[in-house]
Each structure stands twice: as C-alpha cells, then as structure tokens.
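Please treat every number below as a calculation from the coordinates, not as lab data. As the structure is a prediction and not an experimental result, all values here were calculated from the model. Please note: Cβ atoms are built from the backbone with ideal geometry, for glycine as well, and neighbour counts cover all protein chains shown.
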Amino acid sequence: MDFQQQANAISFGQADVVELPASEVRRAAQRGVRIASSDPIELFALVFDASRPAVQDARLRQAISLAIDRAPIGDVILQRQGIVAGGLLPNWLSGYAHLLPATPDLPRAKDLLAASGRELSRSTPLVLFYDSSDAEAHAVADRVAVNLREVGIKVQVSGQIADSKTKLPAGDLRLVRRRISSPDPGAALSNLLSSLGEASADLATPEQIYAAERAPIDAFRVIPLVHVSESYGLSPQVRDWMPPRWGGWRLEDVWLGPPSSVGGNSP
C-alpha cells in the first residue's frame, strides 16, 4: 500500500494506524484524522558528484546553495511539515543549527557564478537526480531546479529508481532523503555522513561533532535543504500512542478501544 492509499485508508476508517507523507498531513487533519508527529527526523539534501567536472568549482556549488529558497519547500511542497535546514542534524538534536544559516542570496549567487567563469548561456544543463519512487522528492527537485534557473543555471531533473540493481547513470548532483538514525548526535551524524559518502572521524565530543558537520557544508559538497517530521494517522480507537520523538512505532502500550467522545487531533 503506497502513501496515498494509506492516507485514504485512515481517512475512510479502513485502518487504525498509517504512516502519512508530509504532503498529506494537513489534508488528513482536515478530514478529522488524528495526527501524531515526531520531531524533524528526515533530511532532504543535495549531494554533488565530485568526479563531475561541471561541479568541481566550489564557487558554483556555493552559488547553488545561495540560490535555493528552502522556505517554500517546507511550507508549500511539504505542507508546513518541513523545517528549513542549514545543517545536517535538526536543531532539537544538535542544539546549534541556528549557527548554520540557510538564507537565499540571489545577487551573491550571480556574482559567484560570474567569478566561476561558467558560460551560462552556452553551458550544458546540470543533471539533478532524485528517487523516482518518491513523489515528494520529485516535487522538491523540481522546486530546486526552478530556483537555479532563476539565477541562470540550467538544470535537467531526472528520476532514478533508488534500489535499482543496475548501475545508475552519472549525474552532477543528487537529491537524497536520509532518516536520522539515532537520538545520539554523534552516532546520528556518523551514520548520516557515511550515507552521504562523507568520511566521519571520532565524534565523541560536541566540538568534534560540530566540526565534522560543518566540513561538508562549508565545502559545499552537501547542501542541506529541509528537515521533515515523521507523521502518523490514528483512528479514534487507538489508545496510548506514544512514539519516540525520533519517530518509529512503539506498540507495546498501544491498545484499541471505543472511539473517544473528545474530538481534536493530537500534536
């Protein structure tokens, strides 16, 4: 059952608990579905292929970062279930995300492009890949492409099957979606860096964690976009649903009972 089918199942009383995509949370709530959401635990980010000549200039990669307006991605595409991300870890986990700004600056982006010497009018498009099985990723990739075209960067958006057994074609940058794997900042960042193709050293202290997170961001090898919550639709019969703040199903205390007479959605 895909996300859309799950959203319909909970809306029409055909299921008791379903996972909801961010883009369906508000619609489900408007239908009277109880919603339970984790803290932001998924990261959307752009990752560059360092072997591709077109994106080896750090000024171009920085221009791409400055051209992207992340707020509409979280507010519109992800229906206010996404929070602008300047860092890899969400602020509730790291505590320092405010030190990693993610504000668009189109004039600066254009200056960097000019300094990089990229022939925008005659250049071939950058190839941006996304997971073709993820409708939200497709919408986010399209939005990124719109932002980049606004500063003169041509982009070709192309879907790929993420779990394909065949070798994937080369692309200049890739939109990835990664889940935060642990409530421990060091472990979470180490796993996240590895999944993004980045090396991770000893991450035992807050200083080491902060430095390791900043390294790929400051070099513009990875561009964080938004952090997204994990959300569930619950039927009126579900009792004692208390998932961890980092998401997941914890069913040992959950039980089903008669619908409650008290309306409203859970936070």
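Values as computed for the structure displayed
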quantity: Neighbour-count order for H138, H227, fewest beta carbons within 10 angstrom listed first; calculated: H138, H227
quantity: Modelled FRET efficiency - R0 22 Å, R149 with A219, Cβ distances, 0.05 increments; calculated: 0.35
quantity: Normalised alpha carbon radius of gyration of the range 1-109 [divisor 2.2 N^0.38 Å]; calculated: 1.37
quantity: Theoretical FRET efficiency, 1/(1+(r/R0)^6), r = Cβ-Cβ of R26 and S194, R0 30 Å, to 0.05; calculated: 0.35
quantity: Total formal charge among the other residues, if their Cβ is under 12 angstrom from that of R214, Lys/Arg +1 and Asp/Glu -1; calculated: -3
quantity: Residues listed by number, the range 190-206, amide nitrogen under 11 Å from R178 label point at 7 Å toward C-beta; calculated: 190-200
quantity: Segment A135-R239, length gained on full extension (0.36 nm per residue, minus Cα span); calculated: 34.3 nm
quantity: Cα gyration tensor shape for the range 57-152, rounded if a/c is under 1.5, else prolate or oblate; calculated: oblate
